[in-house]
1. Most fluctuating residue of B:Arg161, B:Arg33, B:Arg81 in a GNM of chain B with Cα springs under 10 Å: which is it?
2. Please work out how much length the chain gains when fully extended from A:Val39 to A:Ile102, using 0.36 nm per residue of separation minus the C-alpha to C-alpha distance, in nm with one decimal.
3. With contacts defined as alpha carbon pairs under 8 Å and 6 or more residues apart, what's the relative contact order of the range A:282-333 in percent?
4. Please report B:Leu75, A:Leu301 as a ranked list, fewest other C-beta atoms within 10 angstrom at the top and most at the bottom.
5. Would you work out which of A:Ile275, A:Thr198, A:Ile252 lies farthest towards the positive end of the dipole of chain A, given +1 charges on the beta-carbon of Lys and Arg and -1 on that of Asp and Glu, about the Cα centre?
6. Any idea how far apart A:Ile353 and A:Arg30 come out in nm if each label point goes 7 Å out from Cα toward Cβ?
7. Per residue of B:83-95, count partner chain C-beta atoms within 10 Å of its C-beta, then hand back the mean as an integer.
8. Suppose R0 equals 41 Å. What FRET efficiency, 1/(1 + (r/R0)^6) with r the Cβ-Cβ distance, do A:Glu307 and B:Lys284 give to the nearest 0.05?
Amino acid sequence: MMSANRWMATGNYFTTYRQEQRIFATHVDRLIFALFLVVLFSWPYFIELSTKYMLVIDNILIAVIAVYGLNLITGFAGQISVGHAAFMGVGAYTVASVAGVIGDRHVLITHAWPLMILLSGFMGAAMGLIVGLPALRLRHLYLLMATLSFQLIFQWVIGSMEFFNQGQFMYVGRVHWFSGQVSRSQHYMFWYYALLVTVVVCGLGFRNILRTRYGRSLVAVRDNDRAADAMGMHPGFTKVFAFGLAGFFAGIAGALQAYLNRGAGFETFTLHESIQYLAMTIVGGLGQLTGCIFGPAAIRLLDLQVESLARWAGEILPSSLDLATGLRPLSFGLVIVLFLIFEPRGIANWWRIMRSYVKLWPFRY
Amino acid sequence: MTYFFQLVVSGIVVGSIYALAAIGFVLIYKSSRVLNLAHGQLIAAGAYITYTLTVYCHIPIYVSFVLSMILTFFLAMSVERIFLRRLIGEPIISVIMVTIGLMSIIDGVIYLTPFGSENLSFPSFMPSQPVVFQGIYISYTQLAGVLITFLLIGVFSWFFRKSTVGISMRAVSDDQMASMSIGISVPRVFGLAWATAGLTAAAAGGILGNIVGLNFDTLHAFGIIVFPVVILGGLDSLPGAVVAGIIMGLIQQFASGYLDGNWGLSGTASLLPYIVLLVILLFKPHGLFGTHEIERV
């Protein structure tokens, strides 16, 4: 059998299931991915960015990890979650409360931080499994209500319990690397690399989950749960497990955020933040792995624009209001609504169109 | 014992407003299977419109109450027309996500107005001396609120039982295809369901604003408690919404009356509804009066 040229493919010509399940459909994709990674890892050696923008980039990467989870629920399992920030909060507060109990300069926090991050991931996964449990008995989108109530219970617990400092900031110490303690000036750069590695590992993990038996049953349950049931899958457990996985990604993202911000505070895990993550997922593209990267980047950049617009407007308008508190939800809501109405497949679809254009160029038909 | 009955009375007062607010939500769900996450924002909008008309336009409060119901009726109708009409035929999940977007948009708009950050209260128009009965206090505003709520609930149940429009709305919720075949315009019914939901939301908002004052955070929290109420009552049951609303009001009052202050707890009234929601979803997912689906996952 002649195999297709994997360098010059002009479309998808799969003849076996094995081919369809490859991580990279063509060698060109693999090459582009490798080049992209090289650029991502090496640009800090050539360009100096101010701390402010470095923080923005780090935040984008954290959001990418969180959106992996949310996209798994919303894009692949077909359920809506409005409690994703709370799942992240579980991760962040796992780190912060361990730091609170054993001291924020304990070896476990500063040296064994990868372990702490994994532990937070598992805490998030446990919470996800609990919140997803109603899926065993319910079809439709009732789980939205479960995630909403988880969000509000989380806010109550953090906001009113002495153990969590009643929502005030809880500190987490600086971490150590092989070269010693990571200094203040290197903090954001260090976490850029740590985050980048996590994003790549989680992304490959996510892609591989989708290739497995479980990943395919996830899509089958989303598309038609009765048919999936008839083919021997268990729709309930599939959805519950999806919530667990989403919680895992969110927990990891939350723990990384706690380390990056050197602590956890209440205001980064509210309902508005959850909606912001949902906006990222929708804008990026539901059910698209590439969307998990476009969405956070687009929304964080929009956020920056909104902030500077609010500052600019605050200077001209004789107003005591903090315009950003209003403009933020307004713009995220608008983005959600407009994308759902005009481009439900998100930015990932533009990327797809561009790719197929390049693939066929110069022969358009 | 007086304390207990005092809690019962205030629970019923709050609960009846929940019931009124939940009716609108159930209505939208019944006719179009859409969980309207922006319902709390409609309530807040209704409350602020009533306040604006009363205080800034100097319209008597009775008139402005009715006017704000009419305005919110058209507001909700145009929301349906502009955003949701385009999505008929799309998967329900995207429609629900659009309502999440709407929630965020209306929040943003309210934060941009002075209402977003200020504590306001309606000018008092009723005798401030409360009614005392056997040592139980109830203010005239609360009394009026409960009366108006039950009046409206009565009007709505008449509307759904007897009027042609109400019957056609029930028909659509029962079976869209069948009701289309007998000549009911389904998009029109969706629009009407939203509009009626806006109407009830404005009424609930207006009454609530008069009883507890206007603070966006309070209104926001109130709007979200509608979700536990409808889950408890069964998402597609109007009597369920009324019963569950009152149960939820009682639960909250008992929580803040008996739990707060003991064992170092505080603010349990804003926690318990969501625990109830999770428990109901796990053990009795169709609520007290909701339609049981025979197929199980």
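Each reported figure results from applying straightforward, stated rules to the coordinates on display, with no laboratory input. Treat the numbers as computed from the prediction; the structure is a model and nothing was measured. All Cβ positions, glycine included, derive from the backbone under ideal geometry; neighbour counts span all protein chains shown.
1. B:Arg161
2. Computed gain between A:Val39 and A:Ile102 is 18.7 nm.
3. Details: 35 pairs, mean separation 13.5, N = 52.
That works out to 26 percent.
4. So the ranking, lowest neighbour count to highest, is A:Leu301, B:Leu75.
5. Working it through, the farthest residue towards the positive pole turns out to be A:Thr198.
6. Taking the simple label geometry, A:Ile353 and A:Arg30 are separated by 3.1 nm.
7. 3
8. Working: r = 45 Å, r/R0 = 1.11.
My answer for the efficiency is 0.35.
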